[in-house]
Amino acid sequence: MAGEARRGLARSGMAGEAWRGGVRSGKAGLVRQGEARHGAATQGRHGIQNKKRRIKMANNKILQLRKELDLIREKNNGFISPEDVLEYAKNPLTILHNEFIWDDTEAGKKYRMLQASGVIRSVYVTIKDEKRDDKIIKVREYVSLTTDRGKNGYRHIADVIRESELKLQYITDIQNELNSFRSKLKSVSDVADKYAEKIFKILESEKKTIKLRKKA
């Protein structure tokens, strides 16, 4: 009994089959090692949880980046440039520091300047229309106006929209970009080009309204 029953059929037979056969390494083994662990369950519920965790971490990082960019902007009277970002990011305790590859060669410096511009352009903000609650627009938080490009600088979108002169320049820049894009539109669709022309005129009307408000 102790021989056959324990070490025979019961242990090496049924138990062996259950442990190493159909249950552990067989069908149940597939469920444990296949679908349940690496398959559906991992890429399903746990996968979704991991994805949510990554998204949350990414969102926290963006918030921290925004705070640091805001600090830089405030220190420079509402103006921010890649040089300002690089200077701030030299501090290894900042979040911005980890956004750069720190190489002391001249080529490395130029590359970091491009990286700094990329960091500034990577942050977006949503703008809500005061008259329409359902109208929410996602735009870059920092924009580079033509008048600032000689200094290689950016301004916060809220400051640009608030200040009449900056807003006028911003609209003009959009019109110039639209005109550059119209040649491409015209090559594929005359209708699209006509819509672009209408948008241009609407922007021109907005500029006139801003100028009238300034005179009032």
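The values are calculated or read from the model by the stated rules, or taken from the named source; none is laboratory data. The model shown is predicted, which means the values in this text are computed figures rather than measured ones. Positions of Cβ are generated from backbone atoms using ideal geometry, with glycine treated the same way; all protein chains shown enter the neighbour counts.
Before moving on, here are some points about what is shown:
- Of all residues making up segment 91-107, the number that are charged (D, E, K, R) and either under 19 Å from the mean Cα position of the chain (by Cα) or at pLDDT 95 or above (or both): 1
- Filter result for Leu145 (in contact with an Asp or Glu (Cβ under 7 Å, 6 or more places away or on another chain), under 30 Å from Met113 (Cα atoms) and either of a type outside the set (Asp, Glu) or in contact (Cβ under 8 Å) with a residue 40 or more places away in the chain (or both)): yes
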